[in-house]
Each structure stands twice: as structure tokens, then as C-alpha cells.
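As C-alpha cells, the structure follows; a few thoughts come after it.
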Amino acid sequence: MISSRDLALIIVFAVLTFVFMLLIGQIPELITGVPGIGYVFTIVYAINQTVAWLLYEGRRWRIFAQGLLVSLLGFSSIATWNRPLGMATILNAFIVDVVFNSVYGLFEQQSKLLWWAILSQVYYWPTHCGF
């Protein structure tokens, strides 16, 4: 069962990601007209995701729920209508949740959570098709 703390974290970080995507992540493309130039801000997205994922402390389905919520919010946005949001984004969140939460305990026991966070973000963002 998801606790109210985790539910609040999922909603807050999903909304933060969505608001950042709309307000800051889309500005370079709107100004220059060059598609994909907003990928410069991926580091900020990664910081947001890393903080959220570390706060989830390796509990199952939190990353997937956050990715699902961001995707659902993205479907309603005019700024993302031409983006490939959808099953690929949701599947990527599912894979990250299953694989990286499975090894979270190993990294936590060895006090290597920084490496867990880096590895998860290095996998997640190149394979993520949402932004």
C-alpha cells in the first residue's frame, strides 16, 4: 500500500516535472524554432528525478506511478502534442522501477546510493522519449 507521504511525493514531483517541461523546457524551442533544443535542460530534469527517486527509498511502483502521472499530464498539454509521449515513456518508467529498485538495496548496503542515482539517470534519460 502506498503511504500518503509517498503519494504526496509522487504528485509533487510529477507536477514539478510537468510545470518545468511547460514553463522552462519549451522556451528554447519557442524562441529559436529548433526542435529538440530544450534537451539542454535534461540535467535539471535529472536532478528533479534523482531527488524524487532517492526519497522513494527503493520502494516498488513509485517511479512507475510518477512516470505514468507525468505522461498523463503531458497528454493534456498543447506543448507536448507533437512529442512522442505514450507507451514508450510509460514502459521506460516501468523498466526503471523494476530494474533499478531491484538493486537499490545492494547500493544502499554499500553506501553507494550516489552511483545508483547516476546509473539510473544515465539509463533513464537517453531511453526516455517524452521530452
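Give just the number: which of (1) free of Cβ contacts under 8 Å to residues at least 60 places away in the same chain; (2) surrounded by 13 or more Cβ atoms within 10 Å (Cβ to Cβ); (3) among the aromatic types (Phe, Trp, Tyr) does TRP53 not satisfy?
Only one criterion in (1) free of Cβ contacts under 8 Å to residues at least 60 places away in the same chain; (2) surrounded by 13 or more Cβ atoms within 10 Å (Cβ to Cβ); (3) among the aromatic types (Phe, Trp, Tyr) is unmet by TRP53, namely (1).
Of everything in region 28-45, what is under 26 Å from ILE118 (Cβ atoms), surrounded by 15 or more Cβ atoms within 10 Å (Cβ to Cβ) and not β-branched (Val, Ile, Thr)? Give them in sequence order.
Of everything in region 28-45, those that are under 26 Å from ILE118 (Cβ atoms), surrounded by 15 or more Cβ atoms within 10 Å (Cβ to Cβ) and not β-branched (Val, Ile, Thr) turn out to be PRO28, GLY38, PHE41, TYR45.
Determine whether region 23-34 contains at least one residue that is touching a helix residue (DSSP H, G or I) at 6+ places or on another chain (Cβ under 7 Å) and at pLDDT 85 or above.
Step one: list which residues in region 23-34 are touching a helix residue (DSSP H, G or I) at 6+ places or on another chain (Cβ under 7 Å), which gives 24-26, 28-29.
If we keep only those that are at pLDDT 85 or above as well, we get none.
No; the residues of region 23-34 include none that is touching a helix residue (DSSP H, G or I) at 6+ places or on another chain (Cβ under 7 Å) and at pLDDT 85 or above.
Tell me, please, whether a residue that is within 16 Å of ILE47 (Cβ to Cβ), out of contact with any Asp or Glu (no Cβ under 9 Å at 6 or more places or on another chain) and either free of Cβ contacts under 8 Å to residues at least 24 places away in the same chain or surrounded by fewer than 21 Cβ atoms within 10 Å (Cβ to Cβ) (or both) can be found in region 93-112.
No.
Residues of region 5-27 being more than 21 Å from ALA93 (Cα to Cα) and surrounded by fewer than 17 Cβ atoms within 10 Å (Cβ to Cβ), which ones?
To start, the set of residues in region 5-27 that are more than 21 Å from ALA93 (Cα to Cα) comprises 23-24, 26-27.
Result: LEU23, ILE24, ILE27.
Can you run down the residue pairs with Cβ atoms below 8 Å, 6 or more apart or on separate chains, where the first is in region 17-37 and more than 14 Å from SER71 (Cα to Cα) and the partner is basic (Lys, Arg) and not in a helix (DSSP H, G or I)?
No pair meets every condition.
Can you spot a residue in region 35-49 that is more than 30 Å from SER111 (Cβ to Cβ), assigned to a loop (DSSP other than H, G, I, E, B) and more than 12 Å from the chain's Cα centre (by Cα)? Before you say what the answer is, go through the steps one by one.
Restricting attention to region 35-49, the residues satisfying the condition of being more than 30 Å from SER111 (Cβ to Cβ) are 35-41.
Still in the list and also assigned to a loop (DSSP other than H, G, I, E, B): 35-36.
Next, only the ones that are more than 12 Å from the chain's Cα centre (by Cα) stay: 35-36.
Within region 35-49, one or more residues are more than 30 Å from SER111 (Cβ to Cβ), assigned to a loop (DSSP other than H, G, I, E, B) and more than 12 Å from the chain's Cα centre (by Cα).
Six or more apart or on different chains, Cβ under 8 Å: which pairs go from a residue in region 61-74 that's crowded, with 20+ Cβ neighbours inside 10 Å to one that's among the basic types (Lys, Arg)? Could you list them?
Note: pairs meeting the criteria are GLY74/ARG83.
Take region 78-119 and flag every residue that is modelled with pLDDT of 80 or more and either basic (Lys, Arg) or on the phi > 0 side of the Ramachandran plot (or both). Working first, answer last.
Initial filter on region 78-119 (modelled with pLDDT of 80 or more): 90-119.
Across region 78-119, the qualifying residues are SER111, LYS112.
The values are calculated or read from the model by the stated rules, or taken from the named source; none is laboratory data. All values derive from a computational prediction rather than experimental measurement. Neighbour counts run over all protein chains shown; Cβ positions are idealised from the backbone, glycine included.
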